[in-house]
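All remarks here apply to the structure that follows.
The values are calculated or read from the model by the stated rules, or taken from the named source; none is laboratory data. Note that the structure is a prediction, hence the values are computed from the model and not measured. A quick note on method: Cβ atoms are made from the backbone with ideal geometry, for glycine too, and the neighbour counts reach across all protein chains shown.
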Amino acid sequence: MFKDDYRRDMNALALGEQGKEEILQAIEKKGPVKRGIGRAVLIAAALCAALTVTALAVEFTVGWESFWGRTPKSVVSDVRVSAVTGDYTLTLQEAIVDDDGAAFLLALTRNDGGVLKGEPNLWGNNYYASAEVEGNFPYGSSGRFDPIFSEDRKTVYYCMDMERYGGEESLTGKTITVQCDGVVDTDWSEDELVMTRETVSLAPLAQTARQVDMSYADICKGQNAQAIMEIVGEISAQATIPLTRIDPKRGQVSAVFFSSDGCPVVVVNDWNSTVLQGQYLIGYGIATTLTDTRTGEQWEYKSATKRGEPGNEIQMSVFNGCPLTYEDLPYMEVTVSYSMDKILSDQPVELSFVAGDGYQTTMALDEDIAFNYIGDCTAHVTGASISALRLELTFDHLERSGWDWENHPQKNTQWALVNKDGTRVLLFPPMIRQDEETGTGYIRLEGVDENNDRRLIDPDRVDALLIGDIRIPLK
Amino acid sequence: MDKHEATRLVEEYGDTVFRLAYAKTGNRHDAEDVTQEVFLRLLRKAPEHFDSGDHAKHWLLRVTLQRANDLFRARARRQELPLEAAEELRAPEREELGETLAAVMALPKELRVPIHLYYYEGLSIAQTAQIMGKSEGAVKTRLSRARGKLRELLMKGEEELV
């Protein structure tokens, strides 16, 4: 099983005695222990040198380079669509589009032009930003990158991308809509994490809890949802346990009952991100842990099920494997986990534009290639497409001799694009998709830096592809 | 927090923090840097007492991701390098990784963290989302994307990764 294999491999990695000793020394002196000239310092020094040489020769686009390195303007589509959300203005500044996906640069400013306070973000625990194509979501997959503030902290930039895996139509001519729920502050909760996990005694429910005439399996069946709602209604009418310092009236442990085969079930009313009081939004309440206060023994929930209709929903956590009965309730505690956002604006916005052709070059190829990526591969490449976001090679035949994990990654072939001026852009990882019936497919690679962080490709500068020692002209 | 309690937490959670930092940064040196910073922050900013071991662990996991993000942010302004220069900057030592861990480390870093929290730490989607400061939808999306890529890398079936 993947989980067991991953745990085994990860367990082989440890801090080590020296690393632990350095931390203990740091704690003792309450300051960092000097650890010699680190790799980060070396990288910084080398990058400064490189920047000195190249900075005058390249035109930069504000924003993108902070996320993905040098960004030639030719690959960027100017969008400039704005919308007001509360005290803020969100602007979809620019997009980079190709046939297989897109990336977006968004900027958030205060309407009054002032300095941003806290860490305004489009993504929180309950708030989310996403992109749709012609009203459909998701489009393959999407990702985002940590926001970056301008030096004067009057603008914060967000970068997100989306990619199709194949099957979907090209983005060209499609209406793309970036939408977000509002703005949250992600810098408020670190010292108040306790508020997202509350532990309360179940003693107040000892008199109302009861065993129901349904097994664990029956409780989880959708056909019994109405019966479960009625049971919870009867129990919660007698007593509930208030939760959350933010909104104790709405956050509650509503009921505890036991299945006929002995599983404890703890019910929390489900906030479903709808409780907005003052500045705070809480959601996704779920009972996660039962504790026997006499022994300290704990049980994690095994499954959680939502029941009821909007406005009257519950979240039911089942603790199968926990041997405690309702007689133990006076000594039991439940930990409820919920997520909370500090809301800066609760006004959703949508920003739409029509994607153009995208900036990419395509060419026919007739090349047999060989490379190693966790094993030896050979392929017949029939075409290439180069955009700022990726290089895609199409093939009509690919064979892999097997998986060679022992020599990975030492034997992996180095892929790179060679620019006309001789500089190179590293490429990683080769993601391969092949149609099992036809044998055709594609190898997709993204530009990366020495840390495998995403970098953009300049299609106008590319001269050739290097696959190990093999050079393939890309004209 | 006093030094004795912080020292105890280093013993108990030092490797937990280091492994998440490794999953995020992809190399031992950065992971050790992040681990040291996390425990210094624990000394300065943590609550006097945690409610439980889980609370302490979740606090440490969350701060680990924040410190690792700071490390990346500090390096964000990068420019293109000649390949030779980039190769000189590669980590001098390579960790001997098992094949499954190597496959995970081949993923983009934004996909490695949810994989680690979900499969190694055994957290639920909701807990993973809380630690990462993301929505559950975002975590599900990333796990789905990571599983897709791992299936390719490891040639595993759907049921073996879900």
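Looking across the range A:379-413 at every residue that is within 14 Å of chain B (Cβ to nearest Cβ) and either assigned to a strand (DSSP E or B) or charged (D, E, K, R) (or both), the one that is surrounded by the fewest Cβ atoms within 10 Å (Cβ to Cβ) is identified as A:406.
For the range B:126-153, name all the residues that are among the small types (Gly, Ala, Ser) and part of a helix (DSSP H, G or I). Result: B:126, B:129, B:137, B:138, B:144, B:146, B:148.
Taken residue by residue, the range A:165-177 has no member that is surrounded by 18 or more Cβ atoms within 10 Å (Cβ to Cβ), at pLDDT 80 or above and in contact with a helix residue (DSSP H, G or I) (Cβ under 9 Å, 6 or more places away or on another chain).
If only residues of the range B:84-120 that are over 15 Å from residue B:27 (Cα atoms) and modelled with pLDDT under 75 are counted, the one that is surrounded by the most Cβ atoms within 10 Å (Cβ to Cβ) is B:86.
Each row is one residue, and each column tells you yes or no for (1) at pLDDT 85 or above; (2) of a type outside the set (Ser, Thr, Tyr); (3) out of contact with any strand residue (DSSP E or B) (no Cβ under 6 Å at 6 or more places or on another chain); (4) more than 30 Å from residue B:63 (Cβ to Cβ).
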| residue | (1), (2), (3), (4) |
| --- | --- |
| A:113 | yes, yes, yes, yes |
| A:122 | yes, yes, no, no |
| A:179 | yes, yes, no, yes |
| A:182 | yes, yes, no, no |
| A:187 | no, yes, yes, no |
| A:191 | no, yes, yes, no |
| A:195 | no, yes, yes, no |
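In the range A:432-454, the residues that are at pLDDT 75 or above form Cβ pairs under 6 Å with partners that are part of a loop (DSSP other than H, G, I, E, B) and charged (D, E, K, R), at six or more places apart or across chains, as follows: A:441/A:435; A:444/A:390; A:446/A:390; A:449/B:78.
Identify the residue in the range A:292-307 that is within 12 Å of chain B (Cβ to nearest Cβ) and in a loop (DSSP other than H, G, I, E, B) and, among all such residues, is surrounded by the fewest Cβ atoms within 10 Å (Cβ to Cβ). Taking the candidates together, the pick is A:296. Just a yes or no: is a residue in the range A:131-143 at pLDDT below 70, crowded, with 20+ Cβ neighbours inside 10 Å and not hydrophobic (A, V, I, L, M, F, W, C)? Taking every residue of the range A:131-143 in turn, at least one turns out to be at pLDDT below 70, crowded, with 20+ Cβ neighbours inside 10 Å and not hydrophobic (A, V, I, L, M, F, W, C). With more than 7 Å from chain A (Cβ to nearest Cβ), in a loop (DSSP other than H, G, I, E, B), modelled with pLDDT of 85 or more and under 16 Å from the mean Cα position of the chain (by Cα) as the only criterion, which of B:123, B:61 stands out? From the options B:123, B:61, the qualifying one is B:123. In the condition set (1) under 28 Å from residue A:434 (Cα atoms); (2) outside any loop (DSSP other than H, G, I, E, B), residue A:289 is compliant with all but (1). Screening A:106, A:13, A:24 for residues that are at pLDDT 80 or above and surrounded by 20 or more Cβ atoms within 10 Å (Cβ to Cβ) leaves exactly one candidate, A:106.
Considering only the range A:414-431, how many residues are of a type in the set (Phe, Trp, Tyr) and either surrounded by fewer than 21 Cβ atoms within 10 Å (Cβ to Cβ) or modelled with pLDDT under 85 (or both)? The qualifying residues number 1. Tell me yes or no: at least one residue of the range A:362-378 is part of a strand (DSSP E or B), surrounded by fewer than 16 Cβ atoms within 10 Å (Cβ to Cβ), of a type in the set (S, T, N, Q) and in contact with a His (Cβ under 9 Å, 6 or more places away or on another chain). Within the range A:362-378, one or more residues are part of a strand (DSSP E or B), surrounded by fewer than 16 Cβ atoms within 10 Å (Cβ to Cβ), of a type in the set (S, T, N, Q) and in contact with a His (Cβ under 9 Å, 6 or more places away or on another chain).
Anything in the range A:416-440 that is within 27 Å of the chain's Cα centre (by Cα) and either within 28 Å of residue A:460 (Cα to Cα) or part of a loop (DSSP other than H, G, I, E, B) (or both)? List them, or say none. Those that are within 27 Å of the chain's Cα centre (by Cα) and either within 28 Å of residue A:460 (Cα to Cα) or part of a loop (DSSP other than H, G, I, E, B) (or both): A:425, A:426, A:427, A:428, A:429, A:430, A:431, A:432, A:433. Looking across the range B:5-26, the residues that are facing chain A (nearest Cβ under 7 Å) and either aliphatic (A, V, I, L, M) or more than 18 Å from residue B:111 (Cα to Cα) (or both) come down to B:6, B:7, B:10, B:14, B:15.
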